[in-house]
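> Structure provided below as structure tokens; questions to follow.
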Amino acid sequence: FVRMSIRALSENRFLRNVLSTHLVLSVFLCLLCSTASANQVAVHELTSSEQVAPELAQALNPDLLAALDTVPRLAVLSHHDIQAYLEKNPALQPKDCEPDACFFEVSNNFESELLLTATLGRIGRKWVASLTLTHLESNQVIRQATGARTGDNSTAKDAILNAVRNLFREELPAKLQGPGSLSRLGFQAATLGFAKRVRQPDQPLKRYRKSIILDLVATELEFDVAPKIDILDNISRNEIAALKLESFLAPTRENYFHYLRAEQTWRALREDLNRVREIRARARTLGIKPTARPLRFETPAPVEWPAQTEIDAYVAAATPIMQVIETLIQGWQTGDEKLMGSVYSAAHPTALSYRIGLRGDQSAASNKLFRAIPFHNLSARMLEAAIEAHARGELLIYLAELEQNAVKAASRVFLIQDNGSWKIRHW
């Protein structure tokens, strides 16, 4: 209609004289106002009526959140995200009250403007999803909507999607409209919620990854986006480091690959973060609004591993010397300098003295414990270094350093042939 009006104004002199500039501006303003404007909404978990299994309602929670994510300028803070934050920072949890029972108060603590509760019920073969939107500051219900579909369990999702469409069919009252992005606390909760999801196997993560990054693009003020970027930067760095350390003692190769995929997901998110920085910097330079159009959210590139034949050759050579490593660890833990010396090369006494010096009081128990990292938990880079050492006639073994049963670091033990047997050159 706008394009037709402009064309008509440019081609028809009579229309140019009749239609005023005010009318054209009004048309443009109405179109701009048609985009829904909302706030941060805290979303309680989907509950079920007596006719619906709680497990089904729980399984449909991601679908409810996904539907809400499609509402323009609606910043979604899930129950899962809030729980993840409270596990790390319990100070925001109301005293003498569980989060589920005090979700209203908890949502206020995260500076949410709106609260959404949802119930899934069933009447015969008809699924009915009921949504209630509450304004937290006034504690007033501002909107309710239902969605219904008839069919088997697979149609329950459609009822929820229909209810969300009905709830936000019209934009919110002007007095309730506000920022279309998460508060700083809300963003931190969403990032910690993502961290919790990353650690759970077989979780669909791309949508949550996109939600976090798109919030950074949607945040209007640089004053607000800067601390959010710092939050994501710090949490992602800490999670990558923690996942790497924890992967050293994964019980199986499958478990190790779960840690590896989680680490890759965080690295991909950090690449997204760098793109957001560039997008916002370019927008500032050009004086335009940041847009998410350049973002692709690409799948992390697969890890390039050394050739399997090289890995097998290294493992075959290193496996027989693990007894040497066990003796070394036993000598360290008991403070037995003679036992440690029995597995060190006689040509490297300085290396032995240095390590014994790190041990400190030989009569006291060490607060550092060591455990050999299984071969199936070695990263591609660790294997590359081990294979290179093997090629030059040495063997490289990795140890996990533990404090209070938590892995704090990894160290390397190099062994060489000394009078026909493998001895430690350096630890």
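The values are calculated or read from the model by the stated rules, or taken from the named source; none is laboratory data. Everything numeric in this text was worked out from a predicted model, so none of it was measured. All Cβ positions, even for glycine, are placed from backbone atoms using ideal geometry, and neighbour counts span all protein chains on display. To get the accessible areas, we keep the full protein, side chains included, count just its heavy atoms, and leave off ligands, DNA and RNA. Shrake-Rupley method; radii C 1.70, N 1.55, O 1.52, S 1.80 Å.
> Leaving out same-chain residues fewer than 8 places away, which lysines sit with a Cα under 25 Å from that of residue 368?
244, 338, 408, 423
> Which one, 364, 41, 262, is farthest towards the positive end of the dipole of the chain when Lys and Arg carry +1 and Asp and Glu -1 on their Cβ?
Projecting each Cα onto the dipole axis, the largest value belongs to 41.
> Suppose R0 equals 35 Å. What FRET efficiency, 1/(1 + (r/R0)^6) with r the Cβ-Cβ distance, do residue 295 and residue 368 give to the nearest 0.05? Could the numbers behind the result be given before it?
Working: r = 44 Å, r/R0 = 1.25.
It comes out at approximately 0.20.
> Moving to a separate point now. State the three equivalent ellipsoid semi-axes of segment 69-192, derived from the C-alpha gyration tensor as the square roots of 5 times its eigenvalues, in descending order and whole Å. Before the final figure, lay out each step's value.
Details: eigenvalues 146, 65, 37 Å².
Largest first, segment 69-192 gives 27, 18, 14 Å.
> For the pairs 157/196; 95/228; 126/196; 95/206, note any where the Cα-Cα span goes beyond 32 Å. Can you show the working numbers first?
Numbers: 157/196 24 Å; 95/228 28 Å; 126/196 35 Å; 95/206 35 Å.
Where the Cα-Cα span goes over 32 Å, the pairs concerned are 126/196; 95/206.
> How high is the relative contact order of the chain? Use alpha-carbon pairs under 8 Å, at least six apart in sequence, and give a whole percent.
Details: 611 pairs, mean separation 47.6, N = 427.
So the answer I get is 11 percent.
> A follow-up question, please. Residue 379: net charge of surrounding residues, Cβ under 12 Å, Lys/Arg +1, Asp/Glu -1, itself excluded?
On the way: positive: 244, 381; negative: 263, 304, 384.
Here the charged neighbours net out to -1.
> Something else now. Of all DSSP beta bridges in segment 290-427, what percent run antiparallel (nearest 5)? Before the final figure, lay out each step's value.
Numbers: 18 of 19 bridges.
Approximately 95 percent, going by the DSSP bridge assignments.
> Here is a further query. Within the accessible area of the chain, what % is carbon and sulfur when the probe is 1.4 Å and the other protein chains stay in place? Don't jump to the answer; show the numbers that get you there.
On the way: 12130 of 23210 Å².
Carbon and sulfur atoms account for 52 percent of the accessible area of the chain.
> Treating the angle as unsigned and between 0 and 90°, give the value, to the nearest 10°, between the Cα long axis of helix 2-11 and the longest Cα principal axis of the chain.
That helix lies at roughly 60 degrees to the long axis.
> Now for a separate question. Could you point to the label whose value was computed as P(r) over Cα pairs in 20 Å bins from 0, in percent for the structure here, given [x] 24, 53, 16, 5, 2, 0; [y] 20, 39, 27, 11, 2, 0; [z] 25, 53, 20, 2?
Only one option fits the structure, namely [y].
> Going out from 0 in 5 Å bins, what whole percent of all Cα-Cα distances in segment 285-395 drops into each bin?
Spelled out bin by bin, segment 285-395 gives 2, 9, 15, 14, 13, 12, 9, 6, 4, 4, 4, 4, 3, 1, 0 percent.
> Taking 8 Å as the Cα distance limit and 6 or more residues as the minimum spacing, I'd like the relative contact order of segment 238-389 as a percentage. Provide the component values of the computation, followed by the final result.
Values: 102 pairs, mean separation 42.5, N = 152.
Dividing the mean separation by the residue count of segment 238-389 yields 28 percent.
> Compute the helix-to-body angle for 21-33: its Cα long axis versus the longest principal axis of the chain, expressed 0 to 90° and rounded to tens.
So the inclination is approximately 40 degrees.
> Same structure again: Considering segment 219-378, what Rg and Dmax in Å follow from its alpha-carbon atoms?
23.7, 71
> Starting from 0.36 nm per residue, how many nanometres of slack lie between residue 333 and residue 351 once their C-alpha separation is accounted for? Working shown, then result.
Working: separation 18, 0.36 × 18 = 6.48 nm, distance 1.77 nm.
Gain on stretching residue 333 to residue 351: 4.7 nm.
> Any idea what the dipole of the chain comes to, in debye rounded to 20, about its Cα centre with Lys/Arg Cβ at +1 and Asp/Glu Cβ at -1? Could the numbers behind the result be given before it?
Details: 50 positive and 47 negative charges, 317 e Å.
Charge dipole of the chain: 1520 debye, to the nearest 20.
> Could you state the orientation-averaged shadow area of the convex hull built on the Cα atoms of segment 331-427, in nm² to one decimal?
For the Cα atoms of segment 331-427, the hull's average projected area reads 6.7 nm².
> To the nearest 10 degrees, how steep is helix 308-318 against the longest Cα principal axis of the chain, on a 0 to 90 scale?
Relative to the chain, helix 308-318 is tipped by roughly 40 degrees.
> Going highest first, how would you order 111-117, 252-258, 148-154 by mean Cβ packing within 10 Å? Working shown, then result.
Working: 111-117: 21.4, 252-258: 14.4, 148-154: 12.9.
Packing order, densest peptide first, comes out as 111-117, 252-258, 148-154.
> Shifting gears a bit: log10 I(q)/I(0), Debye, Cα-only segment 169-235, no solvent, q = 0.17, 0.29 Å⁻¹?
The Debye formula, applied to the Cα set alone, gives -0.67, -1.28.
> Sticking with this structure for a sec: For an R0 of 35 angstrom, estimate the FRET efficiency from the Cβ-Cβ distance between residue 304 and residue 408 and round to the nearest 0.05.
Working: r = 28 Å, r/R0 = 0.80.
The value I calculate is 0.80.
> Suppose a student asked you for the relative contact order of segment 180-314, using Cα pairs under 8 Å spaced at least 6 residues apart; what percent would you report? All intermediate terms of the calculation are to be shown ahead of the outcome.
Values: 94 pairs, mean separation 34.3, N = 135.
Taking the mean separation of contacting Cα pairs over the length of segment 180-314, I get 25 percent.
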